[in-house]
1. Those residues that are open to solvent by 60 Å² or more (accessible area, probe 1.4 Å) and either under 18 Å from Asp237 (Cα atoms) or in a helix (DSSP H, G or I) (or both), I need them from the range 94-110; list them, please.
2. Show the residue pairs meeting these rules: Cβ distance below 9 Å; 6+ apart or different chains; first residue within the range 480-496 and on the phi > 0 side of the Ramachandran plot and among the hydrophobic types (A, V, I, L, M, F, W, C); second residue open to solvent by less than 80 Å² (accessible area, probe 1.4 Å) and at pLDDT 95 or above.
3. Residue under question is Ala125, and the condition is that it be surrounded by fewer than 13 Cβ atoms within 10 Å (Cβ to Cβ), under 14 Å from Arg177 (Cα atoms) and in contact (Cβ under 8 Å) with a residue 24 or more places away in the chain; does it hold?
4. Please work out if His415 is of a type outside the set (Asp, Glu) and modelled with pLDDT under 95.
5. Take Ser511 and tell me if it is closer than 25 Å to Gln261 by Cβ and of a type in the set (Gly, Ala, Ser).
6. If we scan the range 203-214, do we find a residue that is surrounded by fewer than 19 Cβ atoms within 10 Å (Cβ to Cβ) and at pLDDT 95 or above?
Amino acid sequence: MIRPIVFFSLLATSTLATTAIAGPDGAMIYADQCASCHAETRLGGTGPALIPESLGRLRGEGLEAIIAGGRVATQMPAFKATLNAAEINAVAAYIATPLAEAPSWSVADIASTRSLDADYIAATAPVFSADPMNITLVVETGDHHVSVLDGDTFEVLDRFETPFAVHGGPKYSPDGRYVFIMSRDGWVQKYDIWSLQQVGRVRAGLNSRNIAMSNDGKWLAVANYLPRTLTVLSTEDLSVARTIDIAGDDGTPSRVSAVYQAPQRSSFVLALKDVPEIWEVATSADGTAFHAGFVPVAAAQSASEEEGLFARRRIKISAPLDDFFFTPDYSNLIGTNREGDKGVVVNLDQGREIAELPLPGMPHLGSGITWTSQGRKVMATPHLQEGVLSVIDLETFKLVKTIQMEGPGFFLRSHENSAYVWADVFFGPNKGKMHIIDKESLEIIRTLDPAPGSTVAHTEFTKDGRHALVSIWEDDGAVIVYDSASLEEVKRLPMRKPSGKYNVWNKISFSDGTSH
């Protein structure tokens, strides 16, 4: 009788030792502590999705710090008193692990998340005295809020909570009254600027890249990585108008890197991550006539691939392109991919590649802007891996100049009433610098250094271009207001990690010098 007892004791001791060696079970901790807010599936509930695709740069110590310390001004509590360091490490590792199977997200799933605020009242006129066309929204990623800024007095008119991890620029309705904001985990928020109230929310995807507004203001397109779809919402009530599965002509599924509005074409243009195609989707029943592949322009009317609202047109290209810049008339786009060292010019009317550009160092074409220099229209793009700014002639698609910067940049901005282009140095030891470039000479005429050691980035102008707003991109940061002519600082507005700033008029008018 003794031997079985001894054997059991040895087995129990061995099991305990194995458990001790294995360490805490992150999945069990998640189910016990996290699932009530973030769902058993990790796809999100009252809290955001906790999957690698939605966590962005939150990895390792950053993710562990959030679990331990929580997030200020959110419902995310601190777990440092509940979990020890090993347990926090285990649940962080579990959250960072990809899901075993790619989840689906159906129309019914989307519809089940749609909520319209019962206390929302549509004002008949703005409830403030400020110019509604000179409102600037400041996205504060430090605590997931947006500040509504009067562009004349720089008074904060409202500050409202957004979904977790806003990604991509907010999009305004054509009249500038409503704004739509999207989070990385697919939530879309509608806010009424006149009423200073949220209208509602819906979850259009599980991992989303950006949104685009149709030129008539009726439809909002959501580009998704997960699932691999384009979701089209009605801007009126956030209901689903259409979901479009994304796959190449050979059946290969693809993520949508981005969706863009092409206003002159009454269409959305899609950048696809995984297949060598560009898609154009009609936003009106009588919009552009689409055709598959290269067709002479004169014959385009008789070569439709699909017809009607949300008709799709495929444009075959030599390799996938996941970052676009459009010429002002939206007849041509310049595209690149994250691995490439060149830009490709695609004519959308003809549906084919017409030129190549040398653009090494990962150009960030989504931040590209245009202006007139020495009588010619040029565009410029920063590069994420090289400290240069490439300037391109939009008539010849030739490289005009390479401007040397003090490090790789991320954003560019200008205004038709400004003589200068503002280019940040987002990466590296000089991340606090902001280059001011003369539009005519294409020379850096001054370098601002308003917050040494901090990240200084993303310029936006007021409606008239008299003032430039620049972010100190830190949790205890600020928006710096500059006189755009004298380049002198006017004031600083304390903000929680202010990232993007978006002026209503500049965005809805497609102001020269604004990325679209």
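The values are calculated or read from the model by the stated rules, or taken from the named source; none is laboratory data. Here the structure is a predicted model, which is why all the values come from computation and not from measurement. As a convention, Cβ positions derive from the backbone with ideal geometry for all residues, glycine included, and neighbour counts pool all protein chains shown. Heavy atoms of the whole protein, side chains included, go into the accessibility calculation; ligands, DNA and RNA do not. Shrake-Rupley method; radii C 1.70, N 1.55, O 1.52, S 1.80 Å.
1. If the condition is that a residue be open to solvent by 60 Å² or more (accessible area, probe 1.4 Å) and either under 18 Å from Asp237 (Cα atoms) or in a helix (DSSP H, G or I) (or both), then Tyr94, Val107, Ala108 are the ones that fit.
2. That search, which allows pairs on different chains as well, returns Leu487/Tyr420; Leu487/Ile436; Leu487/Leu448; Leu487/Ala468.
3. Answer is yes for this residue.
4. no
5. Yes.
6. no
Rundown of residues vs (1) under 28 Å from Glu140 (Cα atoms); (2) in contact (Cβ under 8 Å) with a residue 24 or more places away in the chain, yes/no style:
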| site | (1), (2) |
| --- | --- |
| Gly69 | yes, no |
| Thr82 | no, yes |
| Ala90 | no, yes |
| Ala93 | yes, yes |
| Leu99 | no, yes |
| Ala102 | no, yes |
| Thr113 | yes, yes |
| Asp117 | yes, yes |
| Ile121 | yes, yes |
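Each row is one residue, and each column tells you yes or no for (1) among the charged types (D, E, K, R); (2) touching a Lys or Arg at 6+ places or on another chain (Cβ under 9 Å); (3) farther than 21 Å from Pro52 by Cα.
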position	(1), (2), (3)
Glu87	yes, no, no
Val91	no, no, no
Leu116	no, yes, yes
Leu149	no, yes, yes
